[in-house]
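Questions regarding the structure given below will be posed in turn.
Laboratory data are not the source of any read-out in this text; all were calculated from the coordinates shown. Source: prediction; values computed, not measured. Backbone-built Cβ (ideal geometry, glycine too); neighbour counts: all protein chains shown.
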Amino acid sequence: MKLHWLLFACCLGMCIIVGILFVIPEQPTVEVIDPETGEISIVHRGHGFTHPEYSTMSVGGPGAERHDHILWLGWALGSLICIFFVGCLAFGARKEDKVGAIAKPLFIGGIAYVGVWTMMFVTYRNYMNGDTEGRFLLLPIPTAWMIYGVWLLPAFFIINYIFAFNRQFWNDDLHKKFDAILERSRNRDNGDSV
């Protein structure tokens, strides 16, 4: 598959997921009876509701009720974003429509990125269903995956970019072409004919 088609498919998939999220009904819902009229209305409480003691604060309620029906969509959206991110890095590394030597580290990093994202979701689902025992460096396990995995994994891509820069992105030929462009620009600015 050509890289530009992969990026297009990721963008299309992200748009579809966001569209689905707009039409899925909010959870949980409760039936509220108006004491004066006896009319029953359905109230969505997925975005929180007023705290019973402190009216300026909202309460979210149990995470499983709010997130269980859409959690897989969140995972799919995040996975597509990870793939899109790595695809954009590979797209920028292309020469004559080939990614080159940096393709393998980008692929490995992309697999690791989606894997860490998946582990964060698995542990979050366990956490919201009552498995709150584990800690890693004083953080709940899902938060630890987020901070030490999802946030730090881009350092892998940065390090690969640094070490691959001279052979993948900027070589002597490009440097000579750039110097020639600068020289022509300087000559033009000084009034010399090119």
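Full extension from residue 39 to residue 53: what is 0.36 nm times the residue separation minus their Cα-Cα distance, to one decimal in nm?
Additional length available on full extension: 2.4 nm.
Let me ask you something else. Using 0.36 nm times the number of residues separating residue 16 and residue 129, minus their current alpha carbon distance, what extension gain do you get?
37.9 nm
Using only helices, what value at 222 nm comes out for the chain when you add -39,500 (n - 2.57) per DSSP H run of length 4 or more and divide by the total residues, to the nearest 500 deg cm²/dmol?
Result for the chain, helices only: -18500 deg cm²/dmol.
In debye, nearest 20, what is the charge dipole magnitude of region 75-194 about its Cα centre with +1 on Lys and Arg Cβ and -1 on Asp and Glu Cβ, if you could check?
120
With a Förster radius of 45 Å, plug the Cβ-Cβ distance of residue 96 and residue 190 into 1/(1 + (r/R0)^6) and report the FRET value to the nearest 0.05.
Calculated value: 0.80.
Restricting to DSSP loop positions (anything but H, G, I, E, B) with no more than 16 other Cβ atoms inside 10 Å of their own Cβ, which trypsin sites (Lys or Arg not before Pro) remain in region 62-150?
On the way: sites: 66, 94, 95, 98, 125, 135; in loops: 94.
In loop regions of region 62-150 (DSSP not H, G, I, E or B), the sparsely surrounded trypsin sites (Lys or Arg not before Pro) are 94.
Could I ask something else about it? Between residue 178 and residue 6, take the C-beta separation as r, use R0 = 41 Å, and let me know the FRET efficiency to the nearest 0.05.
The pair residue 178/residue 6 has a calculated efficiency of 0.85.
Cross-link candidates for residue 2: which aspartates and glutamates have Cα within less than 19 Å, leaving aside residues fewer than 8 places away along the same chain?
Output for residue 2: 96, 97.
Within the chain, which whole H helices from DSSP have a Cα span along their axis of at least 27 Å and a mean Kyte-Doolittle hydropathy of 1.0 or more, if any?
Result, helices passing both filters: 3-23, 71-92.
Most mobile of 182, 89, 12 per a Gaussian network model of the chain (Cα springs, under 10 Å)?
So, out of 182, 89, 12, the one fluctuating most is 182.
Okay, next question. Mind checking which of 118, 156, 27 is farthest towards the positive end of the chain's charge dipole, using Cβ charges of +1 (Lys, Arg) and -1 (Asp, Glu) about the Cα centre?
156
On a straight-distance basis, which lysines could pair with residue 177 in a cross-link, Cα separation under 27 angstrom, same-chain partners fewer than 8 positions away excluded?
Here the lysines satisfying the reach criterion relative to residue 177 are 95, 98.
For the chain, set up a Gaussian network in which alpha carbons nearer than 10 Å are linked by springs, and say which option among 159, 81, 40 fluctuates the most.
Top of the fluctuation ranking is 40.
How many angstrom separate the Cα center of region 46-102 from the Cα center of region 158-188?
After rounding, the separation between the Cα centres reads 36 Å.
Please give the per residue volume of the convex hull enclosing the alpha carbon atoms of the chain, rounded to a whole number of Å³.
Enclosed volume per residue, from the Cα hull, is 253 Å³.
Okay, moving on. Evaluate the charge dipole of region 7-100 about its Cα centre and quote only its size in Debye, nearest 20, assuming +1 on the Cβ of each Lys and Arg and -1 on the Cβ of each Asp and Glu.
840
I want to make sure I understand the PRE zone here: with the label point 7 angstrom from the Cα of residue 104 toward its beta carbon, which residues in region 139-172 have backbone N atoms less than 17 Å away?
Flagged as within label range: 157, 160-161, 163-165, 167-168.
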